[in-house]
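Trainee: There's a structure below that I have some questions on.
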Amino acid sequence: MSIKVYLVDDHRLFLSGVRAELDSDFRIVGAAYDVDTAIDEIRALRPAVVLVDVHMPDGGGIAVVEGVTETNPDVKFLALSVSDQAEDVIAMIRAGARGYVTKTIEPDDLADAIRRIDAGDAVFSPRLAGFVLDAFAGAIPSDDDPELDQLTSREKDVLRLIARGFAYKQVARKLNISIKTVETHVSSVLRKLQLSNRHELARWASKRRIV
Amino acid sequence: MQPTATAWSLDLHRRRSDRVVAGVAGGIADSLGVRDGYVRAAFVTLLTIWGLGGLLYLLFWLATYEKVEDRPNDPVENIRAIGLGISFTGLLFLLGAVGLWPSAVVVLTAAALSFGTAALTDPSSPGPFAALMNPEVEKVGKARLVLGIGLLAGGIIMFSAAIGQVFELSVVFLAVFLTGLGVFVAFGPWVRRLLGDLSAERSERIRQEERAEVAAHLHDSVLQTLALIQRSDDPQRMAMLARHQESELRDWLYGTAPLDGVDLVSTALKQAAARVESDFQIPIDVVTVGDVAIDERTRALVFAAAEAMVNAAKHSEVDRISLYLEVEGDEVQVYVTDQGRGFDLEQVPSDRKGITESIRARMEKVGGEVAIDSIAGEGTEVMLKLAP
């Protein structure tokens with residue numbers, strides 16, 4: 001059974017393009033151009049994966065992620081954006097999105113990312129990997145949960161390779177580990193990104209308002 | 001403006017807008033169909049006759065209501081204004097004849113000065129420059145101008161004579177001084193209007209220049225790209241053009257492109273990547289972590305990275321190149337990665353070897369390291385590193 005996918009983007013032309021690309025591999029159950037319609041329809045249609053644009057009027061992708069997660073925590077989100085604003089991307093991930101890719105992504109890679117998100121993994125584009133490395137760089141403040149506030153050196157290795165443009169499979173080979181282990185590392189980084197209250201994260205994001 | 005006869009209306013009121021004291025003079029002017037300036041001048045003149053002007057003003061104020069008019073009536077009938085002027089002059093001299101003038105000099109000076117000023121500040125006066133230069137200015141306007149200047153000069157001379165008598169000063173000196181003052185007062189509004197026109201013209205010119213600059217930029221960038229896209233039938237190339245144009249426009253709009261020279265390595269690398277993108281029609285994903293200022297060593301790093309990108313674009317036969325910059329502490333690393341056909345370092349054709357050697361030479365000159373990792377069929381990665 002193919003994966004149920006829902007699309008949210010205020011840019012209709014882009015939306016129809018993505019829809020055409022994904023139509024053969026997935027069951028596109030619906031699409032919305034605005035935040036409110038998106039939240040209502042996703043609650044009713046219960047897709048497995050939602051592709052959501054970061055920048056939209058009335059609160060943007062974050063409003064959709066937060067609105068849906070409140071009632072349907074099982075719906076998974078992949079943020080898709082033309083914006084490279086670190087602040088927005090990090091905010092989307094912290095709101096609950098499980099991945100972020102830019103709109104210039106190749107159709108095959110996008111399909112791959114959707115399958116990965118559906119399987120419960122995290123999807124990091126090279127750019128997101130760079131953001132995370134940047135945000136977690138520097139000295140660690142003593143905090144109640146240092147484990148959450150710091151990346152392990154293995155996690156950094158994985159992120160660096162992703163930032164250099166390697167796919168998970170290639171990362172695994174370069175580090176002599178299994179793809180599953182790469183996925184575990186990435187999911188662990190995602191969890192840290194979502195839960196860490198490292199104050200640098202906020203400061204870093206606001207510092208890089210426009211990237 | 002087409003003259004329209006204003007009917008006599010004894011709708012005595014006070015003006016709410018465009019008033020000096022309480023709108024009484026304005027209201028009377030509206031009723032009589034003359035310029036408010038002349039009515040004001042009449043009140044000022046009467047004020048010199050034992051304060052009669054003030055008393056009348058008060059009476060009118062009590063007897064009238066405040067009218068919220070759309071706008072003051074536009075007085076146009078010169079004949080009526082002249083008639084009213086003659087009547088007022090008669091009234092004035094009548095008051096003098098019955099011995100009510102406190103001093104002929106004061107009353108006549110006040111009358112000359114106030115009516116002269118009113119004539120010169122009449123909005124329908126042509127202005128001295130226009131009257132002199134432009135033969136088409138209406139006769140009435142010219143007459144009004146001459147009358148105003150004459151009255152003002154007469155008033156000033158009378159005033160000077162009176163003051164001179166009282167204080168035993170040189171009448172000539174006073175007259176010259178006061179005439180200068182009078183000219184300043186009379187011509188002030190026109191000078192101000194002229195300066196206002198100049199500054200309005202200047203801001204309009206600045207707006208025009210800005211618009212021209214925006215238009216020029218859009219013409220050089222977006223329009224050219226759109227034209228190229230229209231003529232291109234290769235979707236890959238179209239996407240490339242659009243992508244490059246988008247990033248360029250974004251830089252321009254949000255000011256991420258430095259205006260006066262590049263000062264950060266990340267910016268310099270992004271610009272180098274953008275150039276390679278447009279020269280070779282290959283997208284380059286740039287990811288940067290940390291940043292550092294441009295100096296002699298990092299400049300060499302940027303050039304070396306640019307060459308590595310050109311290399312990848314020319315030889316890898318891929319549709320995508322990755323550029324990764326990481327600055328950690330004093331260490332700067334750049335990776336240029338492609339997943340193209342790769343090559344065997346031992347069997348590099350000589351032309352290509354030259355380029356890799358020049359990357360190496362650049363980096364070694366500034367004490368940096370180069371590592372080239374290439375596997376045939378899998379891709380190439382060039383690592384550039386600067387450590388202190």
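Trainee: Please determine, by comparing only the residues of segment A:72-88 that are at pLDDT 80 or above and hydrophobic (A, V, I, L, M, F, W, C), which one is surrounded by the most Cβ atoms within 10 Å (Cβ to Cβ).
Mentor: By that ranking, first place goes to A:A79.
Trainee: Let me ask something additional. Among the strands (runs of 3 or more DSSP E) confined wholly to segment A:37-140, which include 3 or more residues that are within 14 Å of another protein chain (Cβ to nearest Cβ)?
Mentor: Details: elements: A:49-53, A:76-81, A:99-102.
Of the strands (runs of 3 or more DSSP E) lying wholly inside segment A:37-140, those with at least 3 residues that are within 14 Å of another protein chain (Cβ to nearest Cβ) span A:99-102.
Trainee: Does B:D295 fit the bill of being within 25 Å of A:D157 (Cα to Cα), surrounded by fewer than 18 Cβ atoms within 10 Å (Cβ to Cβ), at pLDDT 80 or above and in the same structural domain as B:R360 (by TED's automatic domain parsing)? I'd like the intermediate steps shown before the answer.
Mentor: Details: within 25 Å of A:D157 (Cα to Cα): no; surrounded by fewer than 18 Cβ atoms within 10 Å (Cβ to Cβ): yes; at pLDDT 80 or above: yes; in the same structural domain as B:R360 (by TED's automatic domain parsing): yes.
For B:D295, the condition - within 25 Å of A:D157 (Cα to Cα), surrounded by fewer than 18 Cβ atoms within 10 Å (Cβ to Cβ), at pLDDT 80 or above and in the same structural domain as B:R360 (by TED's automatic domain parsing) - is not met.
Trainee: Another question, then. Could you tell me whether segment B:29-43 includes any residue that is part of a loop (DSSP other than H, G, I, E, B) and either over 20 Å from B:R80 (Cα atoms) or outside the structural domain of B:V107 (by TED's automatic domain parsing) (or both)?
Mentor: Scanning segment B:29-43 turns up no residue that is part of a loop (DSSP other than H, G, I, E, B) and either over 20 Å from B:R80 (Cα atoms) or outside the structural domain of B:V107 (by TED's automatic domain parsing) (or both).
Trainee: Residues A:D40, A:D53, A:D109: which one is outside the structural domain of A:D134 (by TED's automatic domain parsing) and buried (at least 19 other Cβ atoms within 10 Å of the Cβ)?
Mentor: Exactly one of A:D40, A:D53, A:D109 is outside the structural domain of A:D134 (by TED's automatic domain parsing) and buried (at least 19 other Cβ atoms within 10 Å of the Cβ), namely A:D53.
Trainee: Only residues that are touching an Asp or Glu at 6+ places or on another chain (Cβ under 8 Å), closer than 12 Å to B:T380 by Cα and not in a helix (DSSP H, G or I): list them for segment B:293-317, please.
Mentor: Listed by number, the list holds a single entry, B:S316.
Trainee: Determine, yes or no, whether B:A300 is more than 8 Å from every other protein chain (Cβ to nearest Cβ) and within 21 Å of B:S374 (Cβ to Cβ). So that I can check it myself, show each step before the final result.
Mentor: Values: more than 8 Å from every other protein chain (Cβ to nearest Cβ): yes; within 21 Å of B:S374 (Cβ to Cβ): no.
Answer is no for this residue.
Trainee: For A:I28, are the conditions met, namely being without any contact (Cβ under 8 Å) to a residue 40 or more places away in the chain and surrounded by 17 or more Cβ atoms within 10 Å (Cβ to Cβ)?
Mentor: It is true that A:I28 is without any contact (Cβ under 8 Å) to a residue 40 or more places away in the chain and surrounded by 17 or more Cβ atoms within 10 Å (Cβ to Cβ).
Trainee: Give B:V183, B:V222 a once-over and let me know the one that is surrounded by 10 or more Cβ atoms within 10 Å (Cβ to Cβ) and modelled with pLDDT of 75 or more. Spell out the reasoning first.
Mentor: Numbers: B:V183 fails: modelled with pLDDT of 75 or more.
Only one candidate passes the filter, namely B:V222.
Trainee: Moving on to the next point. Can you report the number of residues in segment B:355-388 which are in a strand (DSSP E or B) and closer than 20 Å to B:E317 by Cα?
Mentor: 9
Trainee: While we're looking at this one, here's another question. Could you tell me which numbered condition B:I321 fails, if it satisfies all but one of (1) at pLDDT 85 or above; (2) crowded, with 20+ Cβ neighbours inside 10 Å; (3) farther than 19 Å from B:I375 by Cα?
Mentor: Of (1) at pLDDT 85 or above; (2) crowded, with 20+ Cβ neighbours inside 10 Å; (3) farther than 19 Å from B:I375 by Cα, only one is false for B:I321: (3).
Trainee: If I ask for residues that are away from chain A (no Cβ under 14 Å) and in contact with a Lys or Arg (Cβ under 8 Å, 6 or more places away or on another chain), which ones from segment B:306-333 would you list?
Mentor: Listed by number, the residues that qualify are B:A306, B:E307, B:N311, B:H315, B:E317.
Trainee: Restricting to segment A:147-169, give me the number of residues that are in a helix (DSSP H, G or I), over 12 Å from A:V189 (Cα atoms) and within 12 Å of chain B (Cβ to nearest Cβ).
Mentor: Just the residues of segment A:147-169 that are in a helix (DSSP H, G or I), to begin with: A:153-163, A:168-169.
After this cut, where a residue has to be over 12 Å from A:V189 (Cα atoms) as well, the list is A:160-163, A:168-169.
In the following step, the residues that additionally are within 12 Å of chain B (Cβ to nearest Cβ) were identified as A:160-163, A:169.
Of the residues in that region, 5 qualify.
Trainee: Now, a different point. Of the residues that sit in segment B:250-275 and are surrounded by 13 or more Cβ atoms within 10 Å (Cβ to Cβ) and modelled with pLDDT under 80, which one is farthest from the other protein chains (Cβ to nearest Cβ)?
Mentor: Keep residues of segment B:250-275 that are surrounded by 13 or more Cβ atoms within 10 Å (Cβ to Cβ), which gives B:250-252, B:256-258, B:262, B:264-275.
Now narrow it down to the ones that are modelled with pLDDT under 80: B:250-252, B:256-258, B:262.
Details: B:R250: 9, B:D251: 10, B:W252: 13, B:T256: 6, B:A257: 11, B:P258: 13, B:V262: 16 Å.
Among residues in segment B:250-275 that are surrounded by 13 or more Cβ atoms within 10 Å (Cβ to Cβ) and modelled with pLDDT under 80, the one farthest from the other protein chains (Cβ to nearest Cβ) is B:V262.
The values are calculated or read from the model by the stated rules, or taken from the named source; none is laboratory data. It should be emphasised that the depicted structure is a prediction, and the values quoted were computed from it without experimental measurement. FYI the Cβ positions are ideal-geometry reconstructions off the backbone, even for glycines, and counts take in every protein chain you see.
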